[in-house]
1. Compare the peptides 71-77, 153-159 by average per-residue count of other Cβ atoms within 10 angstrom and give them in order, highest first.
2. From the helices alone, meaning DSSP H stretches of at least four residues, give me the mean residue ellipticity at 222 nm for the chain, per-run term -39500 (n - 2.57), in deg cm²/dmol to the nearest 500.
3. Which whole-number percent is the relative contact order of the chain (Cα, under 8 Å, 6+ apart)?
4. In 5 Å bins starting at zero, report the fraction of Cα pairs in the chain per bin as a rounded %.
5. Over the chain, with the other protein chains present, what is the accessible area per residue in square angstrom, probe 1.4 angstrom?
6. Report, to the nearest 10°, how far helix 18-35 tilts away from the longest principal axis of the Cα atoms in the chain, using its own Cα long axis and a range of 0 to 90°.
7. Let me cross-check Thr113: its accessible surface, 1.4 Å probe, with only protein heavy atoms counted, in Å² to the nearest 10?
8. Using Cα-Cα distances under 8 Å and only pairs 6 or more residues apart, what relative contact order does the range 85-161 have, in percent?
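The values are calculated or read from the model by the stated rules, or taken from the named source; none is laboratory data. Note that the structure is predicted; figures quoted are calculated from it, not measured. Cβ sites come from the backbone with ideal geometry, for glycine too, and all protein chains shown count toward neighbours. These accessible areas exclude ligands, DNA and RNA; they are computed on the full protein's heavy atoms, side chains included. Shrake-Rupley method; radii C 1.70, N 1.55, O 1.52, S 1.80 Å.
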Amino acid sequence: METKFLSSAQTFIMKFVFPAIWISMFGAATLALWSGSMQARNGQNLPMEMKWVFLFGWIAGSAMILWFCAPLKRVRMDGAILHVSNYLREIAVPLTSIDRVAENRWINIHPVTIHFRRTTEFGDAIRFMPTARMFGFFSAHPVVAELEQAVFAQRVQSRSN
């Protein structure tokens, strides 16, 4: 059977590189604001409100990035098996173990969540970032229908055996 990657090649970047760069750079800017290293053009200290906005933005932004990016998995499908990796270990899950597939169209990476019938080593659901599409703003990603069709076909086949 042919192996098909369902997750984007940019998953590693979104899971590890982007959060590290964004959190450290925004954190450094926030620290510079609070330490007084940054000043207004006229040499005066920046307003306290700006410091609080940056601090809140850094905390909220970091939390959102970690919430959406840290759980991302690398996913590929090989026949009736779904291979899921967190880059440290990989598990194999039969397609028949998938309960449902959902997509968040409101986030630009369109994360897809696969919910399992039983808990796996990665929990009862995993999230992955599908390949990017041009002009796929609010439309469903085709990988969702592809996964649902593969799951349906495996269930039909397992019932007939």
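1. Details: 71-77: 20.1, 153-159: 12.0.
Ranking the peptides 71-77, 153-159 by packing returns 71-77, 153-159.
2. Values: 3 runs with 59 residues, N = 161.
My calculation for the chain gives -12500 deg cm²/dmol from helical runs alone.
3. Values: 206 pairs, mean separation 36.8, N = 161.
After rounding, I find 23 percent.
4. 1, 8, 15, 16, 15, 11, 8, 7, 6, 4, 3, 2, 1, 1, 0, 0
5. Numbers: 10160 Å² over 161 residues.
Accessible area per residue: 63 Å².
6. 20 degrees
7. So the heavy atoms of Thr113 present about 30 Å² to solvent.
8. On the way: 84 pairs, mean separation 21.8, N = 77.
In percent, rounded to a whole number, it is 28.
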